[in-house]
Amino acid sequence: MKINSCPNCGSEKFVKSGIIKDRQRYKCKACNYFFSVNKIGKSIDQYYVNKALQLYLEGLSYREIERILGISHVSILNWVKKYNIKRPYNPDYHPTYKILNAVELSHYFQDTDNLSGAGVVVTELGDKFMLIKWERFRN
Ligand SMILES: [Zn+2]
């Protein structure tokens, strides 16, 4: 699997940072997270398959999912085909999303303005959480 972005924060600014156990290691310049090809490869592959398909069903585009998960949109496209995932086409609204840590998430839910008129889905994403918000009556 080709690396497009940091699996922790999605930044595309990462640099090579040594070889660990015969694998190229990278360091993200945005969040200082270390990762290797293997780390976002086989071992947690299935985790990302589920996440990617979940996001796809929530209405996000391949490019958006690529940006969030750091997985090539081609891989996501292949998974959608492989698992025969279909979603209804809905031109009227599109979800927005935020990546929050646990503290930010609790603050978000304390503000009722954030919740009224919208549905929210929260899903784990690495050590953070992704919040997908559906605004039902968007103008
Ligand atoms: Zn990062």
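The values are calculated or read from the model by the stated rules, or taken from the named source; none is laboratory data. Since the model is a prediction, treat every value here as computed from it, not as a measurement. Because the Cβ atoms are built from the backbone with ideal geometry, glycine has one as well, and the counts that use them run over all protein chains shown.
Here the helices (runs of 4 or more DSSP H) wholly within the range 1-114 that include at least 2 residues being modelled with pLDDT of 85 or more and over 17 Å from the mean Cα position of the chain (by Cα) are 73-82, 102-110. Within the range 115-134, the set of residues being over 19 Å from Ile71 (Cβ atoms), in contact (Cβ under 8 Å) with a residue 12 or more places away in the chain and part of a loop (DSSP other than H, G, I, E, B) comprises just one member, Gly117.
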